[in-house]
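What follows is a single structure, written as structure tokens, with notes after it.
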Amino acid sequence: MNNLNEINHFFREALLETVPCSVFILDKNHQIIYWNRSAEELTGYKASEVIGSTCDKLQLNIFTNQDSSGKNTFCPLISDANIKEVECEIRKKDGTIVPVMRRSRPVLDENKKIIGAIGALVDVSIIKQVRNEIRILKHEIARRGKYGQLIGRSEKMQKLYEMIQVVSKNDANIVIEGETGTGKELVAKTIHAESNRSDKIFLAVNCGALTESLLEAELFGHKKGAFTGAIENREGCFETASGGTLFLDEIGEMPLSSQVKLLRVLQEKEFTRVGESLPRAVDVRVIAASNKNLSDLVKAGKFREDLYYRLHVVELIVPPLRDRKEDIEDLISHFIGQFNEEYKKNIEGCSPEAMNLLINYDWPGNIRELEHVIEHSFAVTIGSQKTITFESLPAKLTGSNKPYSKTKPVKTKDVDEKSQLEEALINANGNKSQAARALGITRAGLYKKMQRFNL
């Protein structure tokens, strides 16, 4: 029996020295009686320097999230709670402060009396650093109003960016819902680009553009001779996208019979080519999108409930443009830059009348319609024109030849344009971005105007 106890003692000693965290033991008088090697490395104190000392002497209770007056609540020798965990700080021997997670519990004898306590400290410096980096990143996203290829500084878009950050780090199935033209595929591409699958393929399939038979052959592939026209073996989208991300657009248009087969792929992580009998394993992340409310389709019997819940692990809602009009100016600036390159022009922005119309329009076609409108304006403007005017907008928007805005028409003389520019800069206290927004032009366009008028 003594030999067994002696062996257990050695194993306990080895365990305390092997665990990847700092471990210390206190007696009932709050004095440290054990201090492992990890504790030495974390604090810089050798065991011989702390044995017989107390936690207070070593400043192990400098709280970061709790009032220091409540530190007794977290002392296992004082509190009657079994296990306590708290984030706090310790002061190392060299004087530096290290954030740690402290976990401790009392040690009881056979009579349930406290005879000491055991504590563990885990360095959380890296976690603190990551938290700070995330906070800075969120601030930067909000300041720039852009995340990847997504554009918008509105509160709705900021919330969407935050969700994209979270869901891109795992492989959960996602459903993206939003009206036509809101940018659902761009959201899916951004998730893929931020994920650990970013070095693999992103493949998009429009489920509403194919018949039932063609859709299954497209998704799962087919064997030679499986049907008329199948002149060779062909891999499907699941096979092609293996290791990457498969984006199923207009998932609500998928026939019910195809939904059954998609459900099997999601459940079993395998598929069968059309005309074959043996299944093939697949590793692919599925992101689906719909411009219809899938839960309504489930109630109407047009979408399988089991598939809905299998896909609907995470739901992302892309807001319509009419609900985030504060993003319209940034989107216009983006498309102006895009089409300046494509059309080899030098448009600097929109006239106030044109900008007022664009902001007040409801945009039933969302961002896709806005892009079309800006491209239309580029197509009809003459080469020397510097701004998108009310007259260059499509008739669908203008309705009549009268400007939408109640403001006076834009004056075309250089002297008036210079005065308007100077006034905008004065009103913005020299803030170039603010002045550019007031004039309905890009920041780059503002600088070009300033250079043209020697301001």
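The values are calculated or read from the model by the stated rules, or taken from the named source; none is laboratory data. Because the structure is a prediction, the values reported are computed rather than measured. Positions of Cβ are generated from backbone atoms using ideal geometry, with glycine treated the same way; all protein chains shown enter the neighbour counts. For accessibility, only protein heavy atoms count, side chains too; no ligands or nucleic acids. Shrake-Rupley method; radii C 1.70, N 1.55, O 1.52, S 1.80 Å.
The table below lists the values:
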quantity: Residue pairs meeting the criteria (Cβ under 7 Å; at least 6 apart or on separate chains; first more than 20 Å from residue 238 (Cα to Cα), in segment 286-311; second β-branched (Val, Ile, Thr) and part of a strand (DSSP E or B)); calculated: 294/175
quantity: Subset tally (residues that are outside any helix (DSSP H, G or I) and aliphatic (A, V, I, L, M)) for segment 329-352; calculated: 1
quantity: Unmet requirement for residue 161, which otherwise passes all of (1) among the hydroxyl-bearing types (Ser, Thr, Tyr); (2) at pLDDT 85 or above; (3) surrounded by fewer than 18 Cβ atoms within 10 Å (Cβ to Cβ); calculated: (3)
quantity: Residue within segment 165-187 that is in a helix (DSSP H, G or I), in contact with a Ser or Thr (Cβ under 9 Å, 6 or more places away or on another chain) and either within 25 Å of residue 368 (Cα to Cα) or at pLDDT 90 or above (or both) present; calculated: yes
quantity: Restricting segment 335-359 to residues that are out of contact with any Lys or Arg (no Cβ under 8 Å at 6 or more places or on another chain) and polar (S, T, N, Q), the residue that is farthest from residue 445 (Cα to Cα); calculated: 356
quantity: Meets criteria (at pLDDT below 85, assigned to a loop (DSSP other than H, G, I, E, B) and either touching a Cys at 6+ places or on another chain (Cβ under 7 Å) or open to solvent by 70 Å² or more (accessible area, probe 1.4 Å) (or both)) for residue 409; calculated: yes
quantity: Selection from segment 170-192 of residues that are under 18 Å from residue 312 (Cα atoms) and open to solvent by less than 30 Å² (accessible area, probe 1.4 Å); calculated: 172, 173, 174, 175, 176, 177, 178, 184, 187, 188, 191, 192
quantity: Subset of segment 193-210 that is of a type in the set (A, V, I, L, M) and either assigned to a helix (DSSP H, G or I) or within 17 Å of residue 253 (Cα to Cα) (or both) - its residue that is least open to solvent (accessible area, probe 1.4 Å); calculated: 205
quantity: Yes/no for residue 232 being within 19 Å of residue 150 (Cα to Cα) and open to solvent by 60 Å² or more (accessible area, probe 1.4 Å); calculated: no
quantity: Among (1) open to solvent by 20 Å² or more (accessible area, probe 1.4 Å); (2) assigned to a strand (DSSP E or B); (3) of a type in the set (Lys, Arg), the one test that residue 102 misses; calculated: (1)
quantity: Subset tally (residues that are open to solvent by 90 Å² or more (accessible area, probe 1.4 Å) and either assigned to a helix (DSSP H, G or I) or at pLDDT 75 or above (or both)) for segment 415-433; calculated: 4
quantity: Odd one out for residue 322, checked against (1) over 21 Å from the mean Cα position of the chain (by Cα); (2) at pLDDT below 95; calculated: (2)
quantity: Condition met for residue 213 (under 24 Å from residue 267 (Cα atoms), outside any helix (DSSP H, G or I) and among the small types (Gly, Ala, Ser)); calculated: no
quantity: Residues being buried (at least 18 other Cβ atoms within 10 Å of the Cβ) and either in contact with a Pro (Cβ under 6 Å, 6 or more places away or on another chain) or closer than 22 Å to residue 324 by Cβ (or both) - total across segment 377-396; calculated: 4
quantity: Options 40, 13: the member that is assigned to a helix (DSSP H, G or I) and either on the phi > 0 side of the Ramachandran plot or at pLDDT 75 or above (or both); calculated: 40
quantity: Filtered residue count, segment 260-280, keeping only those that are at pLDDT 90 or above and either over 18 Å from residue 221 (Cβ atoms) or hydrophobic (A, V, I, L, M, F, W, C) (or both); calculated: 6
